[in-house]
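Notes to accompany the following structure.
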Amino acid sequence: MIKNKKISKFAISIVEELQKNKFQAYLVGGCVRDLMCGITPKDFDIATNATPNEIRKIFKASRIIGKRFKLVHIFNRSELIEVATFRSGTDEAKDGNLVTDHSGKILRDNIWGTLEQDTFRRDFTINALYYCPISRKIEDYNSGINHIHKKKIVSIGDPMKRFSEDPVRSLRAIRFSNKLDFKIDKDIKNAIYKKGHLLENISNARLFDEFCKIFLGGIAEKNFNKIVSFNLSRYLILTDSNSSDFSQQLIKEALKNTDKRVENNQSVTPGFLIAAMLWPELLRKSRGNKEINLRKFFRSMDQILREQQKITAIPRKFHSYIKDIWVLQLKLHSRIGKQPYKTFKHPRFRAAYDFLLIRERASSCYSDLGEWWTKFQRNNSASQKQQILNLKDVSEENSFKKFGFQEELI
Ligand code: ATP
Ligand code: MG
């Protein structure tokens with residue numbers, strides 16, 4: 001049923017090598033699920049009964065990573081394959097290799113087990129399929145194949161307990177159901193409603209990883225809508241309790257834009273989305289008398305990023321990107337003298353211009369600013385000059401302080 005042609009040769013060679021060394025080894029998880037559903041997997045994971053140290057000895061180009069959950073990364077020039085040792089998911093020895101906190105959240109899981117035990121510690125039945133590319137057999141202890149045919153996301157074990165062990169499973173259930181167009185089992189829906197709040201205790205680093213999977217995979221808008229319907233958006237995004245129509249619309253437009261870029265194989269960055277998600281809050285904090293108070297604007301930028309950091313980590317490299325986009329919004333409103341040329345030369349002009357278009361789309365007020373900049377980029381220098389001269393009469397409008405569409409400032 002599964003075509004080996006669709007599987008990374010490197011991944012198959014790792015399975016072969018482990019089996020040659022008398023270990024069990026299988027492709028597992030998302031890649032088997034995706035292959036069964038006719039989707040090209042984005043990466044290949046392997047599960048084996050070899051321990052991390054044993055794996056390390058077989059593969060020179062490899063590295064043990066993680067503490068909470070030890071894994072081995074095996075590299076070649078262009079690929080990285082993750083190899084995990086089977087886990088038992090229980091701690092009979094009680095020797096500290098499986099640690100949970102008071103809410104039942106698993107803090108560490110490094111107890112090795114058998115293939116069968118390993119299937120039960122996975123999250124959903126469709127993610128617990130093990131495929132051997134040599135014998136071409138699938139091991140399925142939890143009716144995963146049946147659930148793929150029925151297009152259902154089903155938890156392995158009681159979802160209330162499983163989502164307490166790891167609250168991120170709530171977000172994963174939503175993500176997989178949208179990606180595959182599968183229904184979420186009733187028990188899981190209940191567990192999301194009851195245990196979703198435990199996402200508050202998840203580290204910001206892990207939530208940033210999940211944020212990227214949710215919003216940079218090509219179905220950001222669909223994922224966002226479902227996350228909102230389960231009332232979980234606050235665990236990913238700093239949101240204002242009475243967020244305006246504009247703010248909701250801005251997020252939607254930014255997500256649509258991201259999805260379109262993924263579809264067209266253009267690069268996407270979480271920085272752009274975070275900039276959009278936090279923009280209304282930045283304006284709210286910078287409000288002066290009817291207009292934007294620049295001092296507050298500059299002061300609030302870092303403060304807002306710090307608040308978002310408490311929810312999802314934002315790697316350093318995105319901070320300056322986000323702040324550049326924000327500051328450039330002010331500059332795009334200023335079209336006097338040499339300013340437009342300077343703005344245009346800024347290395348992040350393009351992202352800032354895209355951001356402006358999204359603000360305009362989200363706002364119901366008319367603005368000619370985006371169109372003006374669209375022309376400015378296309379025009380030769382004589383026409384650019386003329387464009388600036390034509391604005392003379394409306395120079396009042398160009399003042400820095402008046403920037404922003406009225407609607408954004410409400
Ligand atoms: P994708 O890579 O498309 O997001 P995936 O299913 O491959 O989906 P990964 O996060 O790469 O997801 O994890 C690989 C496998 O590891 C999963 O299929 C699942 O079996 C197991 N797994 C991952 N995260 C969890 C979790 N939080 N709880 C239980 N099992 C998990
Ligand atoms: Mg995966």
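The values are calculated or read from the model by the stated rules, or taken from the named source; none is laboratory data. Everything numeric in this text was worked out from a predicted model, so none of it was measured. A quick note on method: Cβ atoms are made from the backbone with ideal geometry, for glycine too, and the neighbour counts reach across all protein chains shown. What goes into the accessible areas is simple: the full protein's heavy atoms, side chains included, and nothing from ligands, DNA or RNA. Shrake-Rupley method; radii C 1.70, N 1.55, O 1.52, S 1.80 Å.
Where residues in segment 151-204 are within 12 Å of ligand 1 (Cβ to nearest atom) and among the acidic types (Asp, Glu), which of them is nearest to the chain's Cα centre (by Cα)? So the residue we want is Asp166.
Of all the numbered requirements in (1) touching a helix residue (DSSP H, G or I) at 6+ places or on another chain (Cβ under 8 Å); (2) assigned to a strand (DSSP E or B); (3) within 16 Å of ligand 2 (Cβ to nearest atom); (4) not aromatic (Phe, Trp, Tyr), His73 misses one, and that requirement is (1). Taking the stated definitions as given, is Lys222 touching a residue at least 12 places away in the same chain (Cβ under 8 Å), farther than 22 Å from Lys285 by Cα, among the charged types (D, E, K, R) and in a helix (DSSP H, G or I)? So Lys222 fits the description; yes. Of the set (1) touching a residue at least 40 places away in the same chain (Cβ under 8 Å); (2) in contact with an Asp or Glu (Cβ under 8 Å, 6 or more places away or on another chain); (3) within 30 Å of Glu17 (Cα to Cα), all apply to Asp166 but (3).
For segment 15-29, filtering for residues that are in a helix (DSSP H, G or I) and open to solvent by 20 Å² or more (accessible area, probe 1.4 Å) leaves 4.
Scanning segment 36-69 for residues that are open to solvent by 80 Å² or more (accessible area, probe 1.4 Å) and within 23 Å of the chain's Cα centre (by Cα) gives Thr40, Lys42, Lys67, Arg68. Which condition does Tyr131 not pass, out of (1) over 30 Å from Lys183 (Cβ atoms); (2) touching a Leu at 6+ places or on another chain (Cβ under 6 Å); (3) in contact (Cβ under 8 Å) with a residue 40 or more places away in the chain, if it passes all the others? Checking Tyr131 against (1) over 30 Å from Lys183 (Cβ atoms); (2) touching a Leu at 6+ places or on another chain (Cβ under 6 Å); (3) in contact (Cβ under 8 Å) with a residue 40 or more places away in the chain, the one that fails is (1).
Here is a yes/no grid of residues against (1) within 12 Å of ligand 1 (Cβ to nearest atom); (2) out of contact with any helix residue (DSSP H, G or I) (no Cβ under 7 Å at 6 or more places or on another chain):
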residue	(1), (2)
Ser8	no, yes
Asp34	yes, yes
Phe44	yes, no
Ile55	no, yes
Lys60	no, yes
Ile64	no, no
Gly89	yes, no
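Checking Ile12, Ile58 one by one, the residue that is in contact with an Asp or Glu (Cβ under 9 Å, 6 or more places away or on another chain) and either in the same structural domain as Arg136 (by TED's automatic domain parsing) or more than 16 Å from ligand 2 (Cβ to nearest atom) (or both) is Ile58 and no other.
Summed over segment 215-230, residues that are surrounded by 16 or more Cβ atoms within 10 Å (Cβ to Cβ) and either of a type in the set (A, V, I, L, M, F, W, C) or assigned by TED's automatic domain parsing to the domain that holds Gln266 (or both) total 7. Scanning segment 1-14 for residues being open to solvent by 100 Å² or more (accessible area, probe 1.4 Å), under 12 Å from Thr40 (Cβ atoms) and touching a strand residue (DSSP E or B) at 6+ places or on another chain (Cβ under 9 Å) gives a total of 0.
Would you check if there is a residue in segment 38-52 being touching a residue at least 60 places away in the same chain (Cβ under 8 Å), in a strand (DSSP E or B) and within 16 Å of ligand 2 (Cβ to nearest atom)? Yes, because at least one residue in segment 38-52 is touching a residue at least 60 places away in the same chain (Cβ under 8 Å), in a strand (DSSP E or B) and within 16 Å of ligand 2 (Cβ to nearest atom). Taking the stated definitions as given, is Glu82 more than 16 Å from ligand 2 (Cβ to nearest atom) and either among the acidic types (Asp, Glu) or part of a loop (DSSP other than H, G, I, E, B) (or both)? No: the conditions fail for Glu82. When the helices (runs of 4 or more DSSP H) confined to segment 99-214 are screened for residues that are open to solvent by less than 60 Å² (accessible area, probe 1.4 Å), within 16 Å of ligand 2 (Cβ to nearest atom) and more than 27 Å from Ala50 (Cα to Cα), those reaching at least 3 such residues are found at 168-180. Within segment 14-23, being of a type outside the set (Asp, Glu) and within 16 Å of Arg136 (Cβ to Cβ) holds for Val15, Gln19.
Yes or no: Ser267 free of Cβ contacts under 8 Å to residues at least 12 places away in the same chain and part of a loop (DSSP other than H, G, I, E, B)? Criteria met by Ser267.
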